[in-house]
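The values are calculated or read from the model by the stated rules, or taken from the named source; none is laboratory data. Keep in mind the model is a prediction, meaning the values are calculated, not measured. Because the Cβ atoms are built from the backbone with ideal geometry, glycine has one as well, and the counts that use them run over all protein chains shown. When the accessible area is computed, the model is the full protein with side chains, heavy atoms only, and any ligands, DNA or RNA have been set aside. Shrake-Rupley method; radii C 1.70, N 1.55, O 1.52, S 1.80 Å.
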Amino acid sequence: MALVTTKEMFQKAYDGGYAIGAFNVNNMEIVQGITEAAGELKSPVILQVSKGARAYANHTYLVKLVEAAVAENNIPIALHLDHGPDFETCKSCIDGGFTSVMIDASHYDFEKNIEITKQVVEYAHERGVVVEAELGKLAGVEDDVKVAADDAMYTQPDEVQEFVERTGVDSLAIAIGTSHGAFKFKPGQKPQLRFDILDEITKRIPQFPIVLHGASSVSQEYVQIIQKNGGNLADAIGIPEDMLRQAARSAVCKINIDSDLRLAMTAGVREVLYNNPAAFDPREYLKVGRSYVKELVKHKITDVLGSEQKA
Ligand code: G3H
Ligand code: 13P
Ligand code: ZN
């Protein structure tokens with residue numbers, strides 16, 4: 001099976017009331033952990049690459065790693081640019097083998113966001129690549145953009161129909177209370193997502209695939225392992241999985257997960273190094289990190305996303 005776009009994945013996910021996991025990849029072990037899990041569970045999957053990942057691992061290495069995963073696992077895999085900051089970055093990924101790109105011009109005003117998104121859509125569609133855009137602002141940190149919680153803005157339902165029609169975009173990331181990173185709520189704060197806003201958006205653009213960023217649940221299981229093995233991630237709080245299950249059953253077709261992968265990998269590596277101070281073969285600790293990533297992705301697919309056996 002070759003790399004695919006997200007078009008058919010989203011259509012089936014929308015109709016079937018489940019979501020596709022979009023997992024961030026930065027190295028071989030992460031690619032392997034995710035795709036072995038998805039392969040064994042016969043689940044479609046999106047592997048996404050940020051600007052930071054391209055700077056860290058190099059575009060060509062990442063594409064080749066993903067191509068290897070496609071050859072090794074008989075499931076639909078899409079390769080997606082996460083938070084493309086500008087037309088040039090999107091163009092470079094479209095020309096360089098990606099099947100999907102996100103243009104994130106959400107920090108500009110409405111008209112400028114439309115203008116930039118439209119330019120990417122035109123270039124991408126002529127080449128068979130699909131495009132995700134964002135309306136509204138999430139709190140947290142993405143590559144160069146840091147949005148304070150107070151400045152985060154929910155997506156305005158009244159804007160979505162015009163945005164989708166004028167840009168021709170294929171999916172839309174919205175802000176309903178999720179945020180990037182491992183510290184999504186203050187200690188004592190009740191986690192909340194604005195499902196009422198999601199409902200209003202769905203009424204305005206029925207049958208249109210919605211994307212949820214900042215959707216890691218920050219499992220206490222991994223936080224505890226990190227704490228026990230010399231790390232400090234006290235007060236890390238994510239989105240409760242019940243809320244993610246509810247989102248997956250709705251118009252949300254793509255759920256973005258990065259921080260949870262980082263926690264799983266770090267828990268595995270810390271566990272080995274803390275308990276075996278003499279360990280110095282990278283394979284020894286990276287393989288445990290990889291197996292924790294795999295276990296996490298299996299859990300997400302079966303218990304949260306509902307995409308098992310949908311390949
Ligand atoms: O939304 C951001 C993703 O978690 C990617 O993070 O920019 O540090 O690679 P990164
Ligand atoms: P998390 O930080 O919640 O994993 O979000 C990842 C994300 O949205 C990538 O675009
Ligand atoms: Zn994101």
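Details
- Accessible carbon and sulfur surface of region 232-311 relative to its total accessible area, %, 1.4 Å: 49 percent
- Portion, in percent, of the accessible area of region 25-124 that falls on carbon or sulfur, probe 1.4 Å: 51 percent
- Rounded to the nearest 10 square angstrom, H59 shows an accessible area of 40 square angstrom against a 1.4 Å probe.
- Gain in span if fully extended, K186 to Q224, counting 0.36 nm per residue against the direct Cα distance: 11.9 nm
- Solvent exposure of the chain as accessible area per residue, Å², 1.4 Å probe: 44 Å²
- Among 229-236, 211-218, the order from most to least packed when residues are scored by Cβ within 10 Å on average: 211-218, 229-236
- Bridges between two residues of region 132-266, per DSSP, are antiparallel at a rate of about 25%.
- Amide H within-cut-off set for A215, under 5 Å, with H built and near neighbours excluded: N256, D258
- Of the chymotrypsin sites (Phe, Trp or Tyr not before Pro) found in region 248-302, those that fall in a DSSP loop while having at most 15 other beta-carbon atoms within 10 Å are F280.
- Over the chain, dividing the summed -39,500 (n - 2.57) contributions of all DSSP H runs of at least 4 residues by the number of residues returns a 222 nm mean residue ellipticity of -14000 deg cm²/dmol.
- Label point 7 Å beyond Cα of R127 along Cβ direction - residues of region 75-102 with amide nitrogen under 15 Å: 79-82, 84-102
- Only protein heavy atoms count here; under a 1.4 Å probe, C90 has an accessible surface of about 0 Å².
- Under 23 Å, Cα to Cα: Lys pairs in region 141-263, sequence gap 8 or more or different chains: 8
- Heavy atoms of K118: accessible area, 1.4 Å probe, square angstrom to 10: 80 Å²
- Radius 13 Å from Cβ of I301, net charge of other residues (Lys, Arg +1; Asp, Glu -1): -1
- Cleavage-rule hits (trypsin sites (Lys or Arg not before Pro)) in region 45-92: DSSP loop, at most 11 neighbouring Cβ within 10 angstrom: none
- For region 72-121, the dipole from Cβ point charges (+1 on Lys and Arg, -1 on Asp and Glu) about the Cα centre works out to 120 debye, to the nearest 20.
- For H83, the residues whose amide H sits under 5 Å from its own are M102, ignoring neighbours fewer than 5 places away on the same chain, with H placed 1.01 Å from N.
- For H107, no residue 5 or more places off, or on another chain, has a built amide H under 5 Å of its own.
- Computed over the chain with a Gaussian network model linking Cα atoms closer than 10 Å, the most mobile of A278, A78, A247 is A278.
- Taking the three principal axes of the alpha carbon atoms in the chain, the coordinate ranges are 59, 46, 35 Å, sorted in descending order.
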